Amino acid sequence: MSSFEDVFGTTPDGSWRAPGRVNLIGEHTDYNDGLVLPIALPNRILVTASKRDDGRIRVASTGHRGVIQFAVDELGPGSVGDWAAYPAGAAWILRESGYAIGGANLLVDSDLPSGAGLSSSAALLCATSVALLGLRDIDVDPGEVARLAQRAENQYVGAPVGLMDQMASMCCTAGHALYFDIRAMSTEQIPFDPAADDLALLVVDVKAPHRHVDGEYAARRKSCEQAAAELGVPALRSIAFEELAAALDRLPDDVVRRRVRHVVTEIRRVEDAVALMHAGRLRDVGPLFTASHASLRDDFEITVPELDVAVDTALAAGALGARMTGGGFGGCIIALTEAGTADSVLAAIEKAFAEHGFNTPNALAATPSAGASRVG
Ligand code: ADP
Ligand code: MG
């Protein structure tokens with residue numbers, strides 16, 4: 001790997017990191033004004049940076065060839081393509097928001113798998129944002145940086161993502177999950193430290209072959225919006241768990257009914273998980289994970305065989321609970337296990353994947369970690 005000096009011919013002024021994330025529970029409730037509960041991973045994007053006084057940004061990544069450069073003043077949505085769209089988008093939205101970020105040399109390094117549903121895109125946007133702001137000693141609230149990073153991903157990169165990933169990358173704290181209420185736009189740090197309870201949270205990237213899922217995502221959103229309109233509410237969050245049966249009776253379409261049942265029960269499971277975490281009953285969160293997976297598989301229909309086999313195998317090998325996490329159709333599962341059984345649960349998943357002829361999965365230890373910060 002080339003050093004910053006080799007790439008840019010100058011010494012850095014500092015380094016900033018922003019982590020990836022997994023959502024513990026609350027899947028596909030974000031665009032229904034729901035509740036999510038992500039943790040930040042120890043894996044992160046690291047941006048090492050130095051100031052430039054010519055208003056240009058030069059950016060390189062240890063995972064990619066070459067140095068890409070552009071003038072901050074000339075940026076407009078889509079003006080820089082490929083992976084550098086993320087740092088360019090971060091610079092664009094900061095400039096649009098009136099922050100005098102100036103020029104910079106940026107070297108991106110990562111130990112966060114890309115495209116695995118662990119939100120390397122949000123981590124890259126957030127790490128670049130805090131680096132550009134930090135270089136100029138501009139202090140911006142982490143939640144505001146998250147909102148700007150989301151706008152960059154929506155408007156510059158063109159990806160219709162919600163705010164969870166950026167909030168997790170900016171606002172999580174070690175030993176906690178971030179309880180994020182999207183309707184209220186409020187957050188609360190919930191104690192979640194599996195290791196302190198002799199537990200482990202295993203994240204397994206199932207490496208499912210890439211499938212074209214944009215259409216599926218759009219279809220799920222449309223079903224939810226259609227159901228909310230039929231029920232006369234602004235979003236499915238408005239349907240309380242106690243009202244679910246009555247609401248389902250009013251929906252003629254079986255598919256739409258099942259989509260609604262997932263969203264309403266999933267929001268309830270987030271509330272239940274938070275209550276259990278507050279009570280220090282982490283082991284009891286496991287069955288909620290498993291129920292969430294069943295709902296995503298049967299009602300929301302966004303799992304694939306790799307995800308189902310990984311979850312079923314983890315449970316058969318003694319996990320306290322397991323579920324897919326992320327948008328679905330691939331990505332990762334999480335499994336809550338006794339600390340002493342994490343290795344055997346992973347070995348069982350690897351064995352099952354070999355037997356099924358699936359790709360070799362990739363595991364990460366998911367210690368709940370801190371959000372973005374300066375590191376040097
Ligand atoms: P995810 O956010 O789940 O990892 P995305 O498809 O949203 O998946 O984002 C992945 C994209 O982010 C990559 O295709 C690449 O453009 C960019 N990216 C991630 N990590 C890096 C990196 N280390 N260097 C450069 N670009 C990266
Ligand atoms: Mg992403």
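The values are calculated or read from the model by the stated rules, or taken from the named source; none is laboratory data. No experiment lies behind these values; they were computed from the predicted model shown. FYI the Cβ positions are ideal-geometry reconstructions off the backbone, even for glycines, and counts take in every protein chain you see.
Within the range 295-334, the residues that satisfy the criterion of being within 16 Å of ligand 1 (Cβ to nearest atom), part of a loop (DSSP other than H, G, I, E, B) and in contact with a helix residue (DSSP H, G or I) (Cβ under 9 Å, 6 or more places away or on another chain) are Ile302, Gly327, Gly328, Phe329, Gly330, Gly331. Within the range 87-110, restricting attention to residues that are of a type in the set (A, V, I, L, M, F, W, C) and outside any helix (DSSP H, G or I), the residue that is surrounded by the most Cβ atoms within 10 Å (Cβ to Cβ) is Leu106.
Out of all the residues in the range 61-78, which are touching a Ser or Thr at 6+ places or on another chain (Cβ under 8 Å) and part of a strand (DSSP E or B)? Across the range 61-78, the qualifying residues are Ser61, Phe70.
Suppose the filter is in contact with a His (Cβ under 7 Å, 6 or more places away or on another chain), surrounded by fewer than 19 Cβ atoms within 10 Å (Cβ to Cβ) and at negative phi; does Pro209 pass it? So Pro209 does not fit the description; no.
If the condition is being hydroxyl-bearing (Ser, Thr, Tyr), surrounded by fewer than 23 Cβ atoms within 10 Å (Cβ to Cβ) and part of a strand (DSSP E or B), then the range 169-186 contributes only Ser186.
For the range 23-39, filtered to residues that are of a type in the set (S, T, N, Q) and outside any helix (DSSP H, G or I), the residue that is surrounded by the fewest Cβ atoms within 10 Å (Cβ to Cβ) is Thr29. Screening Gly340, Gly326, Gly376, Gly357 for residues that are among the small types (Gly, Ala, Ser), surrounded by fewer than 24 Cβ atoms within 10 Å (Cβ to Cβ), in contact (Cβ under 8 Å) with a residue 24 or more places away in the chain and more than 30 Å from Ser15 (Cα to Cα) leaves exactly one candidate, Gly340. How many residues, within the range 112-155, are away from ligand 2 (no atom under 15 Å from the Cβ), in a loop (DSSP other than H, G, I, E, B) and either touching a residue at least 12 places away in the same chain (Cβ under 8 Å) or outside the structural domain of Asn43 (by TED's automatic domain parsing) (or both)? The total comes to 3.
Results for (1) buried (at least 24 other Cβ atoms within 10 Å of the Cβ); (2) touching a residue at least 40 places away in the same chain (Cβ under 8 Å), shown as yes or no for each residue.
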| position | (1), (2) |
| --- | --- |
| Asp6 | no, no |
| Thr10 | no, yes |
| Asp13 | no, yes |
| Trp16 | yes, yes |
| Arg21 | yes, yes |
| Lys51 | no, yes |
| Asp54 | no, yes |
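Taking the range 127-167 as the range and being touching a Lys or Arg at 6+ places or on another chain (Cβ under 9 Å) and under 26 Å from Leu364 (Cβ atoms) as the test, the residues that pass are Ala127, Val130, Ala131, Leu163, Met164, Asp165, Gln166, Met167.
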